[in-house]
Amino acid sequence: MRRTQHLKETSLRSFTYTAVSTLAGLTVAILTYGVLGPVAAGIVFIAVLCHAFAGDGALGNTPIGDVPVAAPEEIRRYRREHPGTTISEAIAILGRR
């Protein structure tokens, strides 16, 4: 499996988890409003918002590490020669050369 494909699948899984858990949390907040009242529902809602915004982003975190940054022209050339490569991957690969 290509690394790009793996990153896409990992990002999709992370995004799906965040989306599903956020919707589940909002459902719990609505149910809490009906059972315990608005104050408890507000606390649950704030917790859900914190979880949604603090979770992994939809694009994921791509660590580049301590590699020298290549010139933008080199990165563009590399990405033209290797379609499907992300900018972060191109920087990491060119930095190791």
Item to complete: Can you sort 31, 49 by 1.4 Å-probe accessible area, starting with the largest?
Response: 31, 49
Fill in: Charge context of residue 80, other residues only, Cβ under 15 angstrom, K/R +1, D/E -1
-1
Practice prompt. Return the sequence-ordered ³J(HN,Hα) values of the range 37-45 in whole Hz as given by the Karplus equation 6.51 cos²θ - 1.76 cosθ + 1.60 applied to θ = phi - 60°, using x for Gly and Pro.
Written response: x, x, 5, 5, 5, x, 5, 5, 4
Worksheet item: With every protein chain left in place, what is the accessible area of residue 88 in Å² (1.4 Å probe, nearest 10)?
Response: 40 Å²
Worksheet item: Could you give the length gained on full extension between residue 86 and residue 27, defined as 0.36 nm per residue of separation minus the Cα-Cα distance, in nm?
Response: 17.6 nm
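The values are calculated or read from the model by the stated rules, or taken from the named source; none is laboratory data. Keep in mind it's a predicted model, so treat the numbers as computed, not measured. Reconstructed Cβ throughout: ideal geometry from the backbone, glycine too, with neighbour counts over all protein chains shown. For accessibility, only protein heavy atoms count, side chains too; no ligands or nucleic acids. Shrake-Rupley method; radii C 1.70, N 1.55, O 1.52, S 1.80 Å.
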